[in-house]
1. I need the phi-derived Karplus couplings for the stretch 65-71: 6.51 cos²θ - 1.76 cosθ + 1.60, θ = phi - 60°, integer Hz, Gly and Pro marked x.
2. Mind ranking 78-85, 137-144 by how tightly packed they are, going by the mean number of other C-beta atoms within 10 angstrom, highest first?
3. Amide H to amide H, which residues 5 or more places from Ser293 or on other chains are under 5 Å from it, using H placed in the peptide plane?
4. For a quick check: with amide H placed at 1.01 Å from N, whose amide H comes under 5 Å from Phe14's, ignoring anything fewer than 5 positions away on the same chain?
5. To the nearest 10 degrees, how steeply does helix 116-125 sit against the main Cα axis of the chain, on a 0 to 90 scale?
6. In Å², and per residue, what accessible area does the stretch 103-225 have when probed at 1.4 Å with the other protein chains present?
7. So if the hydrodynamic radius of the stretch 75-140 is defined as the Kirkwood radius over C-alpha pairs, what does Stokes-Einstein give as its diffusion coefficient at 4 °C and 1.567 mPa s, in µm² per second?
8. If you plug each phi of the stretch 207-220 into the Karplus form 6.51 cos²θ - 1.76 cosθ + 1.60 with θ = phi - 60°, what whole-Hz ³J(HN,Hα) values come out, in order, with x for Gly and Pro?
Amino acid sequence: MSELNKTNLKGRDFLSLKDYSPQEIIQLVDLGLELKQLKKNGVSYKPLEGKTLGMIFQKSSTRTRVSFEAGMYQLGGHALFLNANDLQIGRGEPIEDTARVLSRYLDGILIRTYSHEEVEKLAQYADIPIINGLTDEFHPTQVIADLITIKEHKKQLAGLKFAYVGDGNNMTHSLMIGCAKVGMEVRIATPHDYAPKADIVALAKEAAEKNGGKLLLTTDPKEAVSEADIVCTDTWASMGQEAEKEIRQKIFASYQVNQALLNLANKEAIVMHCLPAYRGMEITNDVIEGAQSVVFDEAENRLHAHKAILAAIL
Ligand code: CP
Ligand code: NVA
């Protein structure tokens, strides 16, 4: 079954979609879809026998942690959950030393932390592939799952209108890059002071121009959602921003994905959210539980996306 993996990504880090070409992103999406089908058919595929993934978590996680661990197991390998506070990095051992030591035991490391630079440093000093399981700046594994979900429901990627409403955060950054690279029309609506970072916007704009997509930034949720094929949101206060929760609820109040906003989208539009969701804040209960919501397919697809990434790079 080795012909399944048509990627040429062995040994690569997976830190950001910046580093992946449109073709490589699409190959991962297609591999994820194939692995999903295989799993549904009860066929086992174990290219990672004897391989171990270390998973360092400095922030909470349900989906990323469990789907990577289950995914490694399904691919014939093994995963180790490493709470950062229990490692010596929690007591100040440098990431450079941790990287070199763990490289002697493991075949890959997944890390979820705050600073993206920390993950880059880990990758620089490790000689095994490093996977970014979320930083303050990016959440790239989520976007492979999101693209799988969109392709499943819409049968295409290029040419679709993708609207994101809410905070210009790590999800926004990764979605902008990923969706622009596959040729979508990306619309991002955030409050003025919560727009995505300018350097990442510039990068996504360039990617959109190169690949037949578009990028629109606005402060008007209605403009973003109008006739969209996909309506997506995320929490208004990401991990690490707990202290700003209340003030953010006020600032973002008019950026809620509710039925009135969704009515402006294409009738067949799907609603996405990486989860965890805060009902009554960024999304209403009726919309997330409604017929257009695909959030649990999206969550399931983390498993298939992660298996694709692991099978490709480890
Ligand atoms: N969407 C996502 O990354 O979920 P977790 O925080 O539960 O991993
Ligand atoms: N933006 C959110 C995503 C959670 C998966 C966060 O960083 O907390």
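The values are calculated or read from the model by the stated rules, or taken from the named source; none is laboratory data. Source: prediction; values computed, not measured. Here the Cβ is made from the backbone with ideal geometry for all residues, glycine too, and neighbour counts use every protein chain on show. These area figures cover heavy atoms from the full protein model, side chains too; ligands, DNA and RNA do not enter into them. Shrake-Rupley method; radii C 1.70, N 1.55, O 1.52, S 1.80 Å.
1. My calculation for the stretch 65-71 gives 4, 6, 6, 5, 5, 5, x Hz in order.
2. Values: 78-85: 16.0, 137-144: 25.6.
The densest-packed peptide leads the list: 137-144, 78-85.
3. Val271
4. Counting only residues 5 or more places away or on other chains, the set is Ile130, Ile131, Asn132.
5. The two axes meet at around 20 degrees.
6. Values: 4460 Å² over 123 residues.
With all protein chains present, the stretch 103-225 gives 36 Å² per residue.
7. Working: Rh = 12.2 Å.
After rounding, the answer is 106 µm²/s.
8. 3J(HN,Hα) across the stretch 207-220, in whole Hz: 5, 5, 4, 5, 10, x, x, 9, 9, 10, 10, 8, 9, 10.
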